[in-house]
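What follows is calculated from the coordinates using simple rules that are stated; it is not laboratory data. Values in this document were obtained by computation on a predicted structure and should not be read as measured data. When we count neighbours, we look across all protein chains shown, and the Cβ atoms used for this are built from the backbone with ideal geometry, even at glycine.
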Amino acid sequence: MRDYEEVTAFLGEWGPFQRLIFFLLSASIIPNGFNGMSVVFLAGTPEHHCRVPDTANLSSAWRNHSIPLVLQDDREVLHSCRRYRLATIANFSSLGLEPGRDVDLEQLEQESCLDGWEFSHDVYLSTIVTEWNLVCEDDWKTPLTASLFFVGVLLGSFVSGQLSDRFGRKNILFATMAVQTGFSFVQIFSINWEMFTVLFVIVGMGQISNYVVAFILGTEILGKSVRIIFSTLGVCTFFAVGYMVLPLFAYFIRDWRMLLLALTVPGVLCVPLWWFIPESPRWLISQRRFKEAEAIIQRAAKMNNTVAPAVIFDPAELQELNSSKQQKVYILDLFRTWNIAIITIMSLFLWMLTSVGYFGLSLNVPNLHGDPYLNCFLSALIEVPAYITAWLLLRTLPRRYIIAGVLFWGGGVLLLIQVVPADYYFVSIGLVMLGKFGVTSAFSMLYVFTAELYPTLVRNMAVGITSMASRVGSIIAPYFVYLGAYNKVLPYIVMGSLTVLIGIVTLFFPESFGSTLPETLEQMQKVKGFRCWRRSRNSIQREENPKVLITAF
């Protein structure tokens, strides 16, 4: 029985039909880039201090000294969450005493911000932080906002595959795009933080579901030679383009509600794609909708100026294809033996900690010195060469060495930030971007690496479970950023150390480059030890199958 690739070979690999699908599906990913990172500006925390009401009977001198000073980054700044007891300094003011001369300010009693806060408008006109005072005692709500978005992403990861298998790739693609865009629009009318975060969870579910389904639809329609480019340069690069659009929108729209409104517009512009993106013929065949699948192939042939056979799918072959049943597998199969369990556990940690580094560096952009809009744009821009580099490295070099190498690079430069003098902030920003380059390159390689490690029987399950671990990493990443409230370089020390650590662990993985993809669990390679490295290198040299990267998808 011929497979689908052989039956549709007459279409070619890179005709007008394939180019259209490639670019339209990649373009549908653009809104994911700014929706996923919009919390950077929606929940930005500007400089703030306690409000001293105009009704307070204070002299100008006491009003100027009503907020305690604290040392932050080697400079004195106004305390964000405390003020001198208002009744006490009002009494001193009425007596004509001068602060600092007649009264020792360090001995004065302090109180919390009973009258609210005054926020700086130098960077943001408004954010959800200034709207609902998510500072001081409530500052824990800011990282929780980002974490809850990624909880939605985790939930969406669970259901997106099953929904697309049940209702079709195209239907779920546009349904999840509608969920992402529609609930982002509803967020504009949030009346409190609780409403905003609940809606943000739903937006996260739509965001990842759209991404996953577009990825599946593209890999099922496109041929082998185009599939790997679509999976890396296509999807990832257009995600980065959307990420780059975010700071441009945010720079000109400083109000969070208006910014959110502007970010929903590109999602609406994706509606016309419904009439250009077809359903997956592979899925239609699996549902025994053979005539619809043939109609799509006929239109593709016409667009590519090729002549399609009168009968594309032989009924007898299709009947045999649909009657065949695949062996059932369970999640416990990923832990069946000691060797498989070790590989799975290491894979889970690899995905999770790489995700922590990627999202931690992305969400920490506002805490860098300099303009946050420019820093965010640079953080997005650096992803494009990172994806290109990952693609080039995957084509020619052993997997575990290049992944470990870029992780060492990313973690190493992050650890160097702590030795950079405070005045050389541009050096620190450069090191952060180089660290983001390394972590992003590693992150984009994990799908290929994991798919090559596991046999066909459990490959999809393995990729799904390990990508779930990356969602867990994205959920906890905002709390690594939160460490910056105690020390500016502490997030980089922690993330850099974890990135280097997981880079070391990567060296113990089996090598998949140049090896035939395993078909059974028994064919999985063994975990490498120090005694096995030389043998692994020799076995790689004996293998002559450089196209394994394509067959992984």
Bounding extents of segment 111-264 in its principal axis frame from Cα atoms, largest first in Å, are 65, 30, 23
HN-Hα J couplings of segment 142-155 from phi, Karplus 6.51/-1.76/1.60, θ = phi - 60°, integer Hz, Gly and Pro as x? 5, x, 5, 4, 5, 5, 5, 4, 6, 5, x, 4, 5, 5
Two decimals is fine: what's Rg over Rh for segment 99-144, C-alpha atoms, Kirkwood radius as Rh? 1.14
For segment 186-191, 3J(HN,Hα) per residue [Karplus equation, 6.51 cos²θ - 1.76 cosθ + 1.60, θ = phi - 60°, Hz, x = Gly/Pro]: 5, 4, 4, 9, 4, 9
Take the cross-link list Lys488/Lys526; Lys141/Lys170; Lys170/Lys302; Lys141/Lys528; Lys488/Lys528 and give me the ones stretching past 32 Å between alpha-carbons. Lys488/Lys526; Lys141/Lys170; Lys141/Lys528; Lys488/Lys528
Over segment 6-94, with a single point scatterer placed on each C-alpha, what log10 of the ratio I(q)/I(0) does the Debye formula yield at q = 0.24 1/Å? -1.14
Take segment 48-119, compute every pairwise Cα distance, and split them into 10 Å bins from 0; I just need the percent in each bin. 21, 55, 23, 2
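With +1 assigned to the C-beta of every Lys and Arg and -1 to the C-beta of every Asp and Glu, and no other charges, what is the dipole magnitude of segment 112-269 about the Cα centre in debye, to the nearest 20?
The dipole magnitude comes to about 1080 debye.
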Taking the radius of gyration and the Kirkwood hydrodynamic radius from Cα positions alone, what is the Rg/Rh ratio for segment 331-529, to two decimal places? 1.01
Report ³J(HN,Hα) in whole Hz for each residue of segment 40-50, in order, from the Karplus equation J = 6.51 cos²θ - 1.76 cosθ + 1.60 where θ = phi - 60°; Gly and Pro get x. 4, 9, 5, 10, x, 10, x, 4, 8, 7, 4
Report the Stokes-Einstein translational diffusion coefficient (µm² s⁻¹, integer) for segment 103-187, Rh taken as the Kirkwood radius over Cα pairs, at 20 °C with viscosity 1.002 mPa s. 126 µm²/s
Can you show me the helix-derived [θ] at 222 nm for the chain, built from DSSP H runs with n ≥ 4 at -39,500 (n - 2.57) apiece and divided by the number of residues, rounded to the nearest 500. -20000 deg cm²/dmol
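For segment 157-222, count all C-alpha to C-alpha pairs, find those more than 14 Å apart, and express that count as a whole percent of the total. Show your work: numbers first, answer last.
Details: 1199 of 2145 pairs.
Tail of P(r) above 14 Å: 56 percent of Cα pairs.
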Amide H neighbours of Trp117 at under 5 Å, excluding residues fewer than 5 places away on the same chain, with H built from the backbone geometry, are Arg51
Taking the convex hull of Cα positions in the chain, its mean projected area over all directions (nm²): 29.0 nm²
Evaluate E = 1/(1 + (r/R0)^6) for Glu76 and Ser225, where r is the Cβ-Cβ distance and R0 equals 60 Å; express this FRET efficiency to the nearest 0.05. 0.45
So what's the gap between the Cα centers of segment 363-386 and segment 102-158, to the nearest angstrom? 22 Å
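When the Kirkwood hydrodynamic radius is evaluated over all pairs of different C-alpha atoms of segment 178-269, what value in angstrom, to one decimal, is obtained? Could the numbers behind the result be given before it?
Working: mean 1/r = 0.0679 Å⁻¹.
Result for segment 178-269, one decimal place: 14.7 Å.
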